[in-house]
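K.L.:
Below is a structure I'd like to ask you about.
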Amino acid sequence: MILIINLLRKKKKIQSLNEFLNIKNIKRNYLYTLDNQIMIFIKVNPINIELLSNSELEKKIDSDAIEFSNEQYPYKIMVIPRAVDISGHIHEQEQLKKTLKDDVCIEIINNRIIATMEIVENKNIIENEFYIMLYDNYRDNIEHELNKRVNSWINRLNNCELRCEVLEERDIILLMKSFTIPEFARTETADYTDNIVKIKRKGV
């Protein structure tokens with residue numbers, strides 16, 4: 001029995017990372033897969049729905065739904081949670097501190113930096129990144145067709161007051177790395193339920 005298991009292990013094919021992720025190539029805005037697919041990614045910046053009243057939220061849901069109700073081509077929505085990045089905020093506070101001469105104001109800035117770092121360090125605070133993946137089978141002139149679809153999506157997202165951008169080659173690579181080198185690991189004790197936003201209509 002041990003001999004058979006060892007033989008099976010030797011025959012098992014060792015996959016490369018590209019094979020595991022089904023990636024053939026990444027050029028410009030496109031990801032080409034080993035199974036003859038082509039993909040393009042749109043990053044959508046989130047909005048804070050807590051600032052909307054219930055009536056405003058329902059009105060927005062209805063109007064946004066109309067924008068995408070006639071979509072006939074395949075797409076997927078990807079929600080990727082990441083640890084909150086406070087480096088930009090800390091850098092901004094450090095630059096502000098350099099412009100101050102009053103000791104009390106400098107102390108306030110220092111306390112603000114310390115408090116921000118403690119909040120992030122002591123809690124499992126995450127933020128979601130939202131991506132729309134458009135894809136199709138590879139064929140002649142498919143890049144041009146995908147570009148037309150992307151422009152259509154961007155126009156509709158703008159109509160919904162959502163800022164977005166098409167990922168370039170470097171950003172696609174970083175996105176793919178997030179599937180193999182996550183910035184945070186889910187643990188048995190971590191509770192992420194509070195970070196999942198659920199929108200329901202009245203009576204649903």
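Values in this text are rule-based calculations from the coordinates and carry no lab data. Since the model is a prediction, treat every value here as computed from it, not as a measurement. Cβ: placed from backbone, ideal geometry, glycine included. Neighbour counts: every protein chain shown.
K.L.:
From the cross-link list Lys59/Lys177; Lys24/Lys148; Lys27/Lys148; Lys59/Lys148; Lys43/Lys177; Lys98/Lys177, which pairs have alpha carbons spaced over 26 Å apart?
P.N.:
Lys59/Lys177; Lys59/Lys148; Lys98/Lys177
K.L.:
Considering all alpha-carbon pairs of the range 14-84, what whole percent are spaced by more than 17 angstrom?
P.N.:
67
K.L.:
How many nm is it between the label spots at Ser152 and Asp85, if each spot is 7 Å from the Cα in line with the beta carbon?
P.N.:
3.2
K.L.:
Please work out the Cα center distance from the range 64-130 to the range 132-180, rounded to the nearest Å.
P.N.:
24
K.L.:
What nm value, rounded to one decimal, do you get for the distance between Asn110 and Glu94 when each label is placed 7 Å out toward the C-beta?
P.N.:
Output for this residue pair reads 1.6 nm.
K.L.:
What FRET efficiency, computed as 1/(1 + (r/R0)^6) with R0 = 30 Å and r the Cβ-Cβ distance, is obtained for Ile119 and Phe68, rounded to the nearest 0.05?
P.N.:
Once the sixth-power term is evaluated, E becomes 0.25.
K.L.:
If r is the Cβ-Cβ distance from Lys24 to Glu58 and R0 is 41 Å, what FRET efficiency results, to the nearest 0.05?
P.N.:
Efficiency computed from Cβ-Cβ geometry: 0.40.
K.L.:
Let me ask another. Does a label point 7 Å from the Cα of Ile77, set along Cα-to-beta-carbon, have any residues of the range 125-164 with amide nitrogen under 18 Å, and which are they?
P.N.:
Of the residues in the range 125-164, 127-135, 150, 152-164 have backbone N under 18 Å from the label point off Ile77.
K.L.:
Still on this structure, please answer the following. I'd like the projected area of the range 85-124, averaged over all directions, using the convex hull of its alpha carbons. Report it in nm² with one decimal.
P.N.:
Averaged projected hull area, Cα only: 2.6 nm².
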